[in-house]
Amino acid sequence: MIRDITRLLVSLVCAAGIALPLSAQQDDDILLTLDRAVELALRNNESLLSSRLEEDRARARVREAYSEALPKLDFSSTITRNWALPEFNFGGQTFKVGTDNVINFGLDLSQTIYRGGQVGVGLRIARYFQQISTSNADRVRGNIVHQVHDAYYDVLLAEATLEVSTAAYDRAVVQHVAVQRYYEAGTVSDYDVLRARVEVTNARPPVTQARNRLAIAKADLKRLIGLPLQARIRCTGGLDVDASGLSEDIETAVEQALANRSDMKAARLQTTMNDAAIRLARGENGLDVSLSAGYLMQAQVNDPGFKSIGFNDFSRSWNTLINVSIPLFDGRQNSGRVMQAQADYELSRYVERQLGKQIEVDVTEAVLDMMEASERVRAGEEAVELASRGLSIAQVQFEGGVSTQLELIDAQFVLKQAETDHVTAKYDYATAAANLRNVLGMMDVRSEDR
């Protein structure tokens, strides 16, 4: 009798120990909604930060392209000290040529007038490059938002799985207590008590596994949103998501994806930019016209301290020059560059078409996955309800001595499996909806702080 009471107390202590982590989670310091997790990721994720640097570089490239069309002004100054001047004799007298010091100040202006259309084309290419960088950054952003959704739902799934496993463990403990009471009353055998203890023992490892999966899921989420591993987080909300705005018509969804996907926009821009690069390469072998002007001030003085020199002592000169250049033969170098540009253009067209086909496949798969998960969610709700009713009936029959404990254990297992399948189906539906939003380009949206 004492041994049985001791076993009962141990079981209750184990149940309390397993329930403790669930209550401790309520004291986590950082409460995270899905929107808050996305906000932190967009602020801290290193992949997105690096893509923004690419945007900065693209803007700098546009500025550099503008410089080809703007005039350039250079200032130069030289001071020459002649340590030994040339001498010559004339009529018995020696004369020195030049002065000890020569000072020059100059301004040089240059302006491109025409360069085979290269200036305008180069500016357009720089703008295309900037737009491509922006589209690529948007796609990186969409992928990060998608990853945060999945990681957040992983945490919610781990929490729900832990809750299901803990509930199954609690039912096993309660069942063991009841069987022990029946044994003391002489209505069940030693085998029934032993079987109930086995169920308690078997129900404990899934709880530990679920707790570990929850810790791993939280660690992965913290990595994505830029929180330290030591931070304590608690995700609010549940796995019930609203996907009413997502089309289940595959053809409509494909058209939406082709219109909205940032990587598709980047591919189209790349093709357009490579087409412009052909014209740029051809322009390198065209007429080049530029204007240059120079203004020079020069003074010569023998005073080593320059104290005697004044502004009027400088001689002034200026000139203008029109430069005209027409390449006649460059050893076919330019034709080689044109051929390379044409090959790049054709390659970008292939890439664009391949991406479009891949998007069609991705959208089709995403729509079908979401529809399948939706059906499983509805079936899971009914299965949980039926399994709960079945367990209640089995419990009443076992307490009335109509059925055996094995039938009750089987009913408990069916309920746990139904609850697990239902939670998994809700998780699959949530992640499928997030994936469909991502392949449709709905997550490639810039936040206001950008």
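Structure data summary
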{"quantity": "Strands (runs of 3 or more DSSP E) contained in the range 82-125 and holding at least 3 residues free of Cβ contacts under 8 Å to residues at least 60 places away in the same chain", "calculated": "87-90, 93-96"}
{"quantity": "Those residues of the range 28-78 which are under 28 Å from residue 270 (Cβ atoms) and not in a helix (DSSP H, G or I), in sequence order", "calculated": "45, 68, 69, 70"}
{"quantity": "Filter result for residue 308 (touching a strand residue (DSSP E or B) at 6+ places or on another chain (Cβ under 7 Å) and modelled with pLDDT under 90)", "calculated": "yes"}
{"quantity": "Count of residues meeting criterion [at positive phi and of a type in the set (D, E, K, R)] in the range 331-347", "calculated": "1"}
{"quantity": "Conditions (1) on the phi > 0 side of the Ramachandran plot; (2) of a type outside the set (Lys, Arg); (3) assigned to a helix (DSSP H, G or I): number failed by residue 237", "calculated": "(3)"}
{"quantity": "Among residues of the range 408-431, those that are surrounded by fewer than 21 Cβ atoms within 10 Å (Cβ to Cβ), farther than 12 Å from residue 165 by Cα and not polar (S, T, N, Q), counted", "calculated": "5"}
{"quantity": "Residue satisfying all of: in the range 382-407; within 50 Å of the chain's Cα centre (by Cα) and surrounded by 14 or more Cβ atoms within 10 Å (Cβ to Cβ); nearest to residue 199 (Cα to Cα) among these", "calculated": "391"}
{"quantity": "Single residue of the range 151-175 satisfying the filter (among the acidic types (Asp, Glu) and surrounded by fewer than 21 Cβ atoms within 10 Å (Cβ to Cβ)) that is nearest to residue 61 (Cα to Cα)", "calculated": "154"}
{"quantity": "Top-ranked residue of the range 66-110 - restricted to ones that are surrounded by 12 or more Cβ atoms within 10 Å (Cβ to Cβ) and acidic (Asp, Glu), ranked as farthest from residue 130 (Cα to Cα)", "calculated": "100"}
{"quantity": "Residue 332 being of a type in the set (D, E, K, R) and within 23 Å of residue 124 (Cβ to Cβ)", "calculated": "no"}
{"quantity": "For residue 185: the one exception among (1) closer than 30 Å to residue 439 by Cα; (2) among the aliphatic types (A, V, I, L, M); (3) surrounded by fewer than 21 Cβ atoms within 10 Å (Cβ to Cβ)", "calculated": "(1)"}
{"quantity": "Qualifying residue in the range 279-286 (condition: among the hydrophobic types (A, V, I, L, M, F, W, C) and outside the structural domain of residue 347 (by TED's automatic domain parsing))", "calculated": "no"}
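Results for (1) under 21 Å from the mean Cα position of the chain (by Cα); (2) over 20 Å from residue 122 (Cα atoms); (3) surrounded by fewer than 18 Cβ atoms within 10 Å (Cβ to Cβ); (4) acidic (Asp, Glu), shown as yes or no for each residue.
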position	(1), (2), (3), (4)
237	no, yes, yes, no
257	yes, yes, no, no
265	yes, yes, no, no
271	no, no, no, no
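Let's see how each residue does on (1) outside any strand (DSSP E or B); (2) of a type in the set (A, V, I, L, M, F, W, C):
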residue	(1), (2)
281	yes, yes
289	no, yes
292	no, no
295	no, no
318	no, yes
331	yes, no
336	yes, no
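Residue-wise test of (1) touching a residue at least 12 places away in the same chain (Cβ under 8 Å); (2) more than 23 Å from residue 248 (Cβ to Cβ).
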| residue | (1), (2) |
| --- | --- |
| 318 | yes, yes |
| 334 | yes, yes |
| 361 | no, no |
| 391 | yes, yes |
| 394 | yes, yes |
| 398 | no, yes |
| 416 | yes, yes |
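The values are calculated or read from the model by the stated rules, or taken from the named source; none is laboratory data. Small disclaimer: the values here were computed from a predicted structure and weren't measured. So basically every Cβ, Gly included, is an ideal-geometry build from the backbone, and we count neighbours across all protein chains shown.
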